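Below: the structure, in structure tokens.
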Amino acid sequence: MSAPVLMVLASLLFAGMGVCVKLASLQYNTGEIVFWRGLIGMLFVLGVVRLRGGSLRTAVPMMHVTRAAVGVTALMLWFWSMSRLPLATAVTLNYMSSVWMALFLVGGAILMGAARVDPRLVATVMVGFGGVALVLQPSLGPGQAPGALAGLLSGMISALAYLQVTALGRAGEPEYRIVFYFSMGGCVAGAVLAQWLPAPPRPHDLQGAALLLAIGLLATTAQMAMTRAYAIGRTLSNASLQYLGIVFSFIFGVLLFDDPVTTEAVAGMALIIGAGVVATRLRQQVAANTPDTTTEG
């Protein structure tokens with residue numbers, strides 16, 4: 001499939017995963033959901049490797065450890081926020097990662113003593129956080145502030161994880177290997193976290209098992225499709241289509257969970273999507289004008 005088709009598919013699958021996470025959170029704590037998502041992802045990738053004849057051996061194990069630690073932390077925060085916020089709100093906050101990366105560029109330029117910081121980056125960051133204010137103002141209810149903070153943090157940490165995935169790609173690591181070790185990290189971290197968090201009162205049943213299976217399959221398939229799309233497609237086009245995940249989540253939230261529809265929330269989502277696309281374009285320009293001084297190994 002072409003990169004645009006892969007990105008639309010990945011966005012739809014991630015939105016479907018969000019629905020399953022929100023439903024599963026009625027029966028399982030975040031650690032349990034992350035554990036099963038990681039275990040199913042590992043088994044899925046092992047099957048792919050067996051069919052393709054690939055290898056899970058890596059020459060950069062510590063890069064995978066770091067990527068897994070950062071990525072799983074972001075995943076846990078995101079899953080926890082989805083259990084406490086309207087679906088579209090939690091997804092939108094996580095999709096702030098591109099705006100966070102623009103903020104990192106601004107902060108890095110200041111720390112490096114740049115004589116002039118790109119005003120377009122500053123404006124993009126301000127627009128993005130203005131969108132956050134609009135999204136949260138009408139939809140944040142009593143007791144939802146911790147979930148909102150977790151969603152914002154998940155987006156910020158996801159920005160770091162994306163940078164690590166890029167570094168792994170430059171080191172020659174295929175997408176299935178990156179996904180496998182990320183899933184392994186989720187499996188380990190989820191098993192540990194599950195022992196510390198209280199479990200919801202509803203017992204494990206066939207419906208719960210089906211939701212856990214769906215989370216693992218949807219997430220892993222979406223992750224493989226998205227990683228492949230970024231490998232073969234244009235970054236800006238992929239980033240633009242990735243934001244369809246917010247649209248799909250908004251539709252699912254309204255239809256399945258009766259999430260409120262407000263003008264402020266829709267306007268905020270539009271601002272965040274626009275800021276994310278612009279931030280991606282500006283990052284590409286910065287990367288194109290910066291000589292590559294990195295070394296692999």
### Message
Among the residues that make up segment 261-273, is at least one of them surrounded by 15 or more Cβ atoms within 10 Å (Cβ to Cβ), in contact with a helix residue (DSSP H, G or I) (Cβ under 9 Å, 6 or more places away or on another chain) and closer than 19 Å to Y162 by Cβ?
### Response
yes
### Query
Within the set of pairs 6+ apart or on separate chains, which have a first residue in segment 114-131 that is open to solvent by less than 70 Å² (accessible area, probe 1.4 Å), a second that is part of a loop (DSSP other than H, G, I, E, B) and at pLDDT 75 or above, and C-beta atoms under 8 Å apart?
G128/M96
### Task
For segment 199-208, indicate whether the set of residues that are surrounded by 15 or more Cβ atoms within 10 Å (Cβ to Cβ), touching a helix residue (DSSP H, G or I) at 6+ places or on another chain (Cβ under 8 Å), assigned to a helix (DSSP H, G or I) and touching a residue at least 40 places away in the same chain (Cβ under 8 Å) is non-empty.
yes
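Tell me, please, whether a residue that is more than 26 Å from A148 (Cβ to Cβ) and either open to solvent by less than 60 Å² (accessible area, probe 1.4 Å) or among the aromatic types (F, W, Y) (or both) can be found in segment 19-33. Spell out the reasoning first.
If we filter segment 19-33 for residues that are more than 26 Å from A148 (Cβ to Cβ), which is where we start, we get none.
No.
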### Query
Only one residue in V8, V106 is of a type in the set (A, V, I, L, M, F, W, C) and without any contact (Cβ under 8 Å) to a residue 40 or more places away in the chain. Which one?
V106
#### Entry: Per-region count, segment 219-238, residues open to solvent by less than 50 Å² (accessible area, probe 1.4 Å), farther than 18 Å from W78 by Cβ and among the hydrophobic types (A, V, I, L, M, F, W, C)
4
## Note on the structure
Within segment 249-265, the residues that are at pLDDT 85 or above and assigned to a helix (DSSP H, G or I) are S249, F250, I251, F252, G253, V254, L255, L256, F257
### Query
Hey, among F129, F79, which residue is under 20 Å from N29 (Cβ atoms), modelled with pLDDT of 75 or more and not in a loop (DSSP other than H, G, I, E, B)?
F79
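The values are calculated or read from the model by the stated rules, or taken from the named source; none is laboratory data. Since the structure is predicted, the reported quantities are computational estimates derived from the model, not experimental observations. As a convention, Cβ positions derive from the backbone with ideal geometry for all residues, glycine included, and neighbour counts pool all protein chains shown. Note: areas computed on protein heavy atoms with side chains; ligands, DNA, RNA excluded. Shrake-Rupley method; radii C 1.70, N 1.55, O 1.52, S 1.80 Å.
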